[in-house]
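One structure is given here, and the rest of the page talks about it.
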Amino acid sequence: MARSKRYYVTTPIYYVNDAPHIGHAYTSLACDVLARFKRLDGFDVKFLTGTDEHGQKVEKSAQAAGVDTQVFTDRVSRNFRDLAQAMGFTHDDFIRTTEERHKRACQDLWRRLMDRGQLYLGAYSGWYAVRDEAFYGEGELTDGPDGKKNAPSGAEVEWVEEPSYFFKLSEWGDRLLKFYDDNPDFIAPRSRRNEVTSFIKGGLEDLSVSRTTFKWGVPVPGDDDHIMYVWLDALTNYITAVGYPETDGGEYATYWPADLHMVGKDILRFHAVYWPAFLMAAGLEPPKRVFAHGWWTNEGDKISKSLGNVIDPLELIETYGLDPVRYFLMREVPFGNDGDFSRRAMINRMNSELANDFGNLAQRVLSMVNKNCGAAVPMHAGFMEFDYVILNPAQDLISTLREYMDRQEFNQYLETVWSVIRAANGYVDRQAPWKLKKDDPERMGTVLYVLTEMIRQIALLLQPFMPDSMDRMLEQLAISPEHRTFAFLGPDHALVPGTALPKPEGVFPRFVEEDGGGKGGG
């Protein structure tokens, strides 16, 4: 398979100091949708997720829980695996930074940086936020109501003084800016690029990359008093998972550089500044693209444990079903923007777009086929010009949809598919096959064939977002699993008239608002 048909997509690795929430589900879901699309489009995909298990924050969380740190990380890491399973994610690897393969990779990267004169031993004094695992300059801080200083994220900072190894980040400002100019799609969405370039133009300082005040981390090679600063440790996971430090063959040669690192906007700086600088300093290629998506609020309020409004994705799945939740999260707001989660908005989407637009289209068409066409794909007797306008959208759209996926415009992808669904519903109303049954049964068969084939194409295109529901839809069209990739979108693979079809069943339930939302009739 050609190198261009490989695709490597990663989620950030999630801190094991808390329970999974909607933000974790959202980031990984976007990667899963993209990975599924690429597989359906003929790519050899590697999809990575995992957990970040080192650092002072994790150590303190374990102490607060009264358990051994490794036991704590084992337990909380399992929660993220369970979320991935519940959300139907199709990751190929789940990495944990406490694994031996990762420690070897981190220490090899450290040696590379040291051999190239990019690290030196000094002493650090400055403001550090345990919650963010990040150092901040005085000018970035604000005074809190309790007289303590806060980072831009709101995390409390503390003054730290200790010996530290430093990475010569100050030498990389101009080279990073040139890299961005040479690779204009590296930072996405484009609105995030300005904040990164402004940060660099403000002047980069050398970066502290080791700590001595705690021990839960990867030991620095040759200096057991130090453990690696958590971001040098954490970011290395992306190359650990493709077999680094082996670079001459295997998965590293196949998949690196990564096509996409998906992250929340709060960790863009680490991925768009520190990570490419580390890699280039070590003589390794940086990733091709970093996409920083926005945050969700809940019914207009910022989500926080103190407000008690954290959104549990597992509860949403239990209430509404997996695929409706997946659909809503990718549909509601343009990916990259902040969004407000509202159960009313979610129910409206599920009822108007899933149950009404697509669900009702499929149910009434397939019911007419079952009743009037001998429960088989209808016969057709020659298409009119406007039949082709309705019949052939998928072949025309797939190149556009590929571009939307490559730009992570999931909302626009779905809106484009929904324009086809709306056109199909308009075609049903205009052609009125229930009337043609009496006046022109041959034409009725043609109209129902066009619509049944349309449903097949739409279901193929929606698989990355709603895989289980589209499996059920395609089963009702007697489409075998091996015929469900995008290679089968074209007219050469259209439905064969006379193919027996099972009795149709509704795929999307209808919901009613009741005590915050619940399932109604369907």
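The values are calculated or read from the model by the stated rules, or taken from the named source; none is laboratory data. Remember, predicted model here, so these are calculated numbers, not experimental data. Backbone-built Cβ (ideal geometry, glycine too); neighbour counts: all protein chains shown.
Evaluation of Gln408 against the conditions (1) in contact with a helix residue (DSSP H, G or I) (Cβ under 6 Å, 6 or more places away or on another chain); (2) among the polar types (S, T, N, Q); (3) not in a helix (DSSP H, G or I) shows that the sole unmet condition is (1). So which residues in the stretch 306-348 are touching a residue at least 24 places away in the same chain (Cβ under 8 Å) and among the small types (Gly, Ala, Ser)? Correct list: Gly321, Gly336, Gly339, Ser342. What about Gly202, is it surrounded by fewer than 23 Cβ atoms within 10 Å (Cβ to Cβ), closer than 22 Å to Glu138 by Cβ and not aliphatic (A, V, I, L, M)? Against the criterion (surrounded by fewer than 23 Cβ atoms within 10 Å (Cβ to Cβ), closer than 22 Å to Glu138 by Cβ and not aliphatic (A, V, I, L, M)), Gly202 qualifies. Scanning for something surrounded by fewer than 21 Cβ atoms within 10 Å (Cβ to Cβ), in contact with a helix residue (DSSP H, G or I) (Cβ under 6 Å, 6 or more places away or on another chain) and on the phi < 0 side of the Ramachandran plot, does the stretch 226-245 turn up at least one residue? Yes - at least one qualifying residue is present in the stretch 226-245. Does Pro497 meet the test of being part of a loop (DSSP other than H, G, I, E, B) and closer than 24 Å to Leu40 by Cβ? Here the answer is no, as Pro497 does not meet what is asked. With respect to the stated conditions, Leu29 is within 22 Å of Leu401 (Cβ to Cβ), touching a residue at least 40 places away in the same chain (Cβ under 8 Å) and in contact with a Lys or Arg (Cβ under 8 Å, 6 or more places away or on another chain). Here the stretch 96-105 is the region considered, the condition is being of a type outside the set (Ser, Thr, Tyr) and outside any helix (DSSP H, G or I), and the residue that is farthest from the chain's Cα centre (by Cα) is Glu99.
Kindly evaluate Asp32 against the criterion of being surrounded by 24 or more Cβ atoms within 10 Å (Cβ to Cβ) and modelled with pLDDT of 90 or more. Judged against the criteria, Asp32 is a match.
Just one of the numbered conditions (1) farther than 30 Å from Lys437 by Cβ; (2) among the charged types (D, E, K, R); (3) modelled with pLDDT of 95 or more is not true of Glu353: (1). Give the residues of the stretch 372-390 that are under 38 Å from the mean Cα position of the chain (by Cα) and outside any helix (DSSP H, G or I), sorted by residue number. Once the filter is applied, which keeps residues that are under 38 Å from the mean Cα position of the chain (by Cα) and outside any helix (DSSP H, G or I), the stretch 372-390 yields only Val377. Scanning the stretch 384-399 for residues that are surrounded by 12 or more Cβ atoms within 10 Å (Cβ to Cβ), under 19 Å from Asp41 (Cβ atoms) and not hydrophobic (A, V, I, L, M, F, W, C) gives Asn392, Pro393, Gln395.
For the stretch 478-490, the candidate set comprises residues that are touching an Asp or Glu at 6+ places or on another chain (Cβ under 9 Å) and in contact (Cβ under 8 Å) with a residue 60 or more places away in the chain; within that set, the residue that is surrounded by the fewest Cβ atoms within 10 Å (Cβ to Cβ) is Ala487. Taken together, Phe511, Phe486 contain a single residue that is among the hydrophobic types (A, V, I, L, M, F, W, C) and either closer than 21 Å to Leu29 by Cα or modelled with pLDDT of 95 or more (or both), which is Phe486.
Keeping to the stretch 345-374, report how many residues are touching a Gly at 6+ places or on another chain (Cβ under 8 Å) and either of a type outside the set (Val, Ile, Thr) or surrounded by fewer than 19 Cβ atoms within 10 Å (Cβ to Cβ) (or both). Final tally of qualifying residues: 5. Would you confirm, using the coordinates I've provided, whether Gly88 is farther than 24 Å from Cys31 by Cβ and surrounded by fewer than 18 Cβ atoms within 10 Å (Cβ to Cβ)? So Gly88 does not fit the description; no. Check the stretch 115-122 and report whether any residue there is among the hydrophobic types (A, V, I, L, M, F, W, C), at pLDDT 95 or above, surrounded by fewer than 15 Cβ atoms within 10 Å (Cβ to Cβ) and out of contact with any Leu (no Cβ under 6 Å at 6 or more places or on another chain). Among the residues of the stretch 115-122, at least one is among the hydrophobic types (A, V, I, L, M, F, W, C), at pLDDT 95 or above, surrounded by fewer than 15 Cβ atoms within 10 Å (Cβ to Cβ) and out of contact with any Leu (no Cβ under 6 Å at 6 or more places or on another chain), which makes the answer yes. Quick one: in the stretch 1-26, of everything that is touching a residue at least 60 places away in the same chain (Cβ under 8 Å) and part of a loop (DSSP other than H, G, I, E, B), which residue is surrounded by the most Cβ atoms within 10 Å (Cβ to Cβ)? Looking at residues that are touching a residue at least 60 places away in the same chain (Cβ under 8 Å) and part of a loop (DSSP other than H, G, I, E, B), I get Val16. Condition test on Leu113, is it touching a residue at least 60 places away in the same chain (Cβ under 8 Å) and not polar (S, T, N, Q)? Here the answer is yes, as Leu113 does meet what is asked.
Among the residues of the stretch 106-161, those identified as aliphatic (A, V, I, L, M) and part of a loop (DSSP other than H, G, I, E, B) are Val130, Leu141, Ala151, Ala155, Val157.
Among residues belonging to the stretch 177-199 that are part of a helix (DSSP H, G or I) and of a type in the set (S, T, N, Q), point out the one that is surrounded by the most Cβ atoms within 10 Å (Cβ to Cβ). So, considering only residues that are part of a helix (DSSP H, G or I) and of a type in the set (S, T, N, Q), the one surrounded by the most Cβ atoms within 10 Å (Cβ to Cβ) is Thr197.
Conditions (1) in contact (Cβ under 8 Å) with a residue 60 or more places away in the chain; (2) over 30 Å from Asp68 (Cα atoms); (3) not in a loop (DSSP other than H, G, I, E, B), marked per residue:
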| residue | (1), (2), (3) |
| --- | --- |
| Ala234 | yes, no, yes |
| Tyr238 | yes, no, yes |
| Ala258 | yes, yes, no |
| Ala272 | yes, yes, yes |
| Leu279 | no, yes, yes |
| Lys288 | yes, yes, no |
| Phe291 | yes, yes, yes |
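Can you tell me which of (1) without any contact (Cβ under 8 Å) to a residue 12 or more places away in the chain; (2) assigned to a strand (DSSP E or B) is the one Gly243 doesn't meet? So Gly243 meets the others, but not (2).
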